[in-house]
Amino acid sequence: MRIYACLAAMAFAAIPAFASDQLLLTPDAPARMLPAPPPDGSAEQKREMAELLRLQKTTSATAYEKADKDDKTESVTAFAEILGPWFDMKALPKTAALFQQVRTEEKAAAKTAKTYFLRNRPWVLEPSLKTCTRDDPQQSSYPSGHATLGYSFAVVLAHLLPDDATKIMARAKEYAENRLVCGVHYRSDIVAGQVLGTVVSEELLANANFKAEFEAAQAELTAAKSH
């Protein structure tokens, strides 16, 4: 996993001006930064499949229900459970707008990478896997879109709420790990999602125009949390 740790620290050379309708990543950027996933039939892929099959046998019904709920939650509201009822996007329009931009960026990055690598979902090779869903394309396993989303949101959110950073990052890890519980991703998929999500968020945080949006959201969150 050392290569992933190194990649998590990477940053792209130039950042264009921020705009709500303009992506910061070039189409081939994710493909350039992520290593190829283990090929089907390789020893590593078989080890990853074995992990999923073990989880099928050991995961409690409650844990599976939680993973299934996360499967259906693809927004920053996934962090509301650890922040509290005050973290309500309906009452936080500036924060909601900020995370919509993050969502646009990370989703485009993940889609580009998925299209480049075209890795088969685990259930394609092992149809007996119990899965939360099979609505996604068969060749869209790498990187995990949920993990990319979770970590891109978590890094920005941890900067917004530094006092809550530890539990925010712990929630991101749980959110990503639940993709294994759901049987829809391998571990290398969620590790790649962590790398990609982290880079996307750090690049946004380095952008001057995003910083202005960030500061407005931070003031909004600070006021809401103190009430």
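The values are calculated or read from the model by the stated rules, or taken from the named source; none is laboratory data. Being a predicted model, the structure only gives us computed values, none of them experimental. Please note: Cβ atoms are built from the backbone with ideal geometry, for glycine as well, and neighbour counts cover all protein chains shown.
Is it true that some residue in region 88-110 is more than 29 Å from Ala158 (Cα to Cα), out of contact with any strand residue (DSSP E or B) (no Cβ under 6 Å at 6 or more places or on another chain) and of a type in the set (S, T, N, Q)? No, because not a single residue in region 88-110 is more than 29 Å from Ala158 (Cα to Cα), out of contact with any strand residue (DSSP E or B) (no Cβ under 6 Å at 6 or more places or on another chain) and of a type in the set (S, T, N, Q). Got at least one residue in region 79-101 being farther than 19 Å from Gly183 by Cβ, of a type in the set (Gly, Ala, Ser), assigned to a helix (DSSP H, G or I) and in contact (Cβ under 8 Å) with a residue 40 or more places away in the chain? There is at least one residue in region 79-101 that is farther than 19 Å from Gly183 by Cβ, of a type in the set (Gly, Ala, Ser), assigned to a helix (DSSP H, G or I) and in contact (Cβ under 8 Å) with a residue 40 or more places away in the chain.
Results for (1) modelled with pLDDT of 95 or more; (2) closer than 22 Å to Glu81 by Cα, shown as yes or no for each residue.
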position: Ser152; (1), (2): yes, yes
position: Val156; (1), (2): yes, yes
position: Lys173; (1), (2): yes, yes
position: Val184; (1), (2): yes, no
position: Ser188; (1), (2): yes, no
position: Ser201; (1), (2): no, yes
position: Phe210; (1), (2): no, no
position: Glu215; (1), (2): yes, no
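Any residue in region 175-197 that is among the acidic types (Asp, Glu), in a helix (DSSP H, G or I), under 30 Å from Ala223 (Cα atoms) and touching a residue at least 24 places away in the same chain (Cβ under 8 Å)? Checked against the condition, which is being among the acidic types (Asp, Glu), in a helix (DSSP H, G or I), under 30 Å from Ala223 (Cα atoms) and touching a residue at least 24 places away in the same chain (Cβ under 8 Å), region 175-197 yields no hits at all. From the list Leu180, Leu204, the one residue that fits, being within 30 Å of Lys130 (Cβ to Cβ) and buried (at least 21 other Cβ atoms within 10 Å of the Cβ), is Leu180. For region 117-136, a tally of residues being touching a Leu at 6+ places or on another chain (Cβ under 9 Å) and surrounded by fewer than 22 Cβ atoms within 10 Å (Cβ to Cβ) returns 5.
Looking across region 71-101 at every residue that is within 15 Å of the chain's Cα centre (by Cα) and over 16 Å from Lys167 (Cβ atoms), the one that is modelled with the lowest pLDDT is identified as Gln101.
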